[in-house]
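Shown next, in structure tokens, is the structure this report addresses.
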């Protein structure tokens, strides 16, 4: 089976500012592929270009070298004006910041995606309602983002992407800014939702535990210029209980192996 | 549920009745002090320099009864509101058009900044030459005065829009029209209302100054007429009418703003 998403020899350097040397390569010769229905995690130290990588895949930024294939077809462009963010709604992107619209309530933020895509009907509304229930936001539908806690905002941002069902979802450390307990809960929520639909997910994190708890496979990014330094298949069977992930057989050994590769 | 939103507990306590009375009491005391100072000025300097409050009130009453107040207000408002509306529309549309093209912005910006420096009131005599002594010269002056304020605040608002929200909307598949209409427009509303609230009193002032120069009716015409015959009470009455006009319109604008920005965190109790 050909991979759903394929990254080939990707490179990125930012354009030089006037009177300065061009920036060094942030990404170089970076290649990997993701199969349909796979949960891929990518671990890398801070500043390894993780967000840059996802921005390029989501086409909110251009690549300087290399190619990206989506469903076997090239979607690469070097021209910033030819970018197609989210390439025809096939790639969802859950960013580090929740980016909720402050003037929309929880339910209206979730429905925003459906509204702009012209897919708002009784069936999609029911789906949104079901997702809101599933992540424990029932009762908070009419609250504005500033009235929600950080964890609730993350959940809202997450289901805003899930509700329109893009085949691939990119996640950029979505749970980095919440406390450890909330994070574990959010991870459990995410896994539960994923078991329901088995989307293809590329999840970027600096947290090795998170990479193991969530992924089928974990890639390790090197320091800049980033490339794939190592690849690990996570041997822990699903469904996993993320709250006790440390105690599961295989966790400790995998953790040690990945830690050795993360510089 | 452990995720109780922080704002529920901390912020939602409404101001107590006693604190509200304190505010109202303070306002009333300040108003009384101002009127007392006014009366004191009238007694020490004489009615030619300082029209007494009572006489001014009587004059206002007389103007209200004989209908002149209403017709003057309508004449002034007609020009002020029309100019305000025209300038408001262009002041908003132009930044939206320029937003799409950094090069056009760079080309237009110096012209805008340069022409902003023109003293608009000084154009009035020249405009009278062009348009005669009707509403037109005043309308042009008012429009110019308001346009720059709305243009600059709207432009600042557009520059301040959170790029990440736009990027999110593009990934989700929102059209550029949708992004302009919902994200950019809603984000800049606070700026827009600030612009309107600064601009409206100026629109009224500009109209009144225009009426000093050329007019047959209006609040400015009344003030100027009173001045020419050394009727200080008339001048004061006219100024009070202008103030009341600005206050009334500001209250309307505040109401609209509160409604349009009802999603914002309530910060009215914020202490600076």
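Overview of values
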item	result
Residue tally, condition within 14 Å of residue B:75 (Cα to Cα) and either outside the structural domain of residue B:135 (by TED's automatic domain parsing) or part of a helix (DSSP H, G or I) (or both), over region B:217-251	9
Per-region count, region A:194-231, residues touching a strand residue (DSSP E or B) at 6+ places or on another chain (Cβ under 7 Å) and assigned to a helix (DSSP H, G or I)	5
Single match in A:179, A:207, A:165 (criterion: within 14 Å of another protein chain (Cβ to nearest Cβ) and closer than 30 Å to residue A:8 by Cβ)	A:165
Top-ranked residue of region A:118-135 - restricted to ones that are assigned to a loop (DSSP other than H, G, I, E, B) and surrounded by fewer than 16 Cβ atoms within 10 Å (Cβ to Cβ), ranked as nearest to the other protein chains (Cβ to nearest Cβ)	A:118
Strands (runs of 3 or more DSSP E) contained in region A:38-107 and holding at least 2 residues over 30 Å from residue B:264 (Cβ atoms) and at pLDDT 90 or above	A:39-43, A:65-70
Condition check for residue A:58: within 9 Å of chain B (Cβ to nearest Cβ) and touching a residue at least 60 places away in the same chain (Cβ under 8 Å)	yes
Condition check for residue B:191: under 30 Å from residue A:113 (Cβ atoms), away from chain A (no Cβ under 14 Å) and assigned to a helix (DSSP H, G or I)	yes
Any hit, region A:160-170, residues being surrounded by fewer than 17 Cβ atoms within 10 Å (Cβ to Cβ), more than 19 Å from residue B:263 (Cα to Cα), touching a residue at least 24 places away in the same chain (Cβ under 8 Å) and under 21 Å from the mean Cα position of the chain (by Cα)	yes
Residue in region A:232-242 that is assigned to a loop (DSSP other than H, G, I, E, B), touching a helix residue (DSSP H, G or I) at 6+ places or on another chain (Cβ under 7 Å) and closer than 23 Å to residue A:27 by Cα present	no
Condition check for residue A:139: at the interface with chain B (Cβ under 10 Å from one of its Cβ atoms), closer than 27 Å to residue A:71 by Cα and not in a helix (DSSP H, G or I)	no
Residue B:100 within 14 Å of chain A (Cβ to nearest Cβ), at pLDDT below 95 and over 30 Å from residue A:139 (Cα atoms)	yes
All positions within region B:176-193 that are within 15 Å of residue A:104 (Cα to Cα) and free of Cβ contacts under 8 Å to residues at least 24 places away in the same chain	B:178, B:179, B:181, B:182, B:183, B:185, B:186
Matching residues, region A:211-221, being closer than 14 Å to residue A:248 by Cα and over 12 Å from the mean Cα position of the chain (by Cα)	A:212, A:213
Residue count, region B:145-160 (criterion: part of a helix (DSSP H, G or I) and over 22 Å from residue B:209 (Cβ atoms))	7
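Residue-wise test of (1) within 14 Å of chain A (Cβ to nearest Cβ); (2) in contact with a strand residue (DSSP E or B) (Cβ under 9 Å, 6 or more places away or on another chain); (3) surrounded by 22 or more Cβ atoms within 10 Å (Cβ to Cβ).
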{"site": "B:159", "(1), (2), (3)": "no, no, no"}
{"site": "B:169", "(1), (2), (3)": "yes, no, yes"}
{"site": "B:181", "(1), (2), (3)": "yes, no, no"}
{"site": "B:201", "(1), (2), (3)": "no, no, no"}
{"site": "B:205", "(1), (2), (3)": "no, no, no"}
{"site": "B:209", "(1), (2), (3)": "no, no, no"}
{"site": "B:216", "(1), (2), (3)": "no, no, no"}
{"site": "B:220", "(1), (2), (3)": "no, no, yes"}
{"site": "B:224", "(1), (2), (3)": "no, no, no"}
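The values are calculated or read from the model by the stated rules, or taken from the named source; none is laboratory data. Owing to the predicted nature of the structure, the values given are computational and were not obtained by experimental measurement. Positions of Cβ are backbone-derived with ideal geometry, glycine not excepted, and every protein chain shown enters the neighbour counts.
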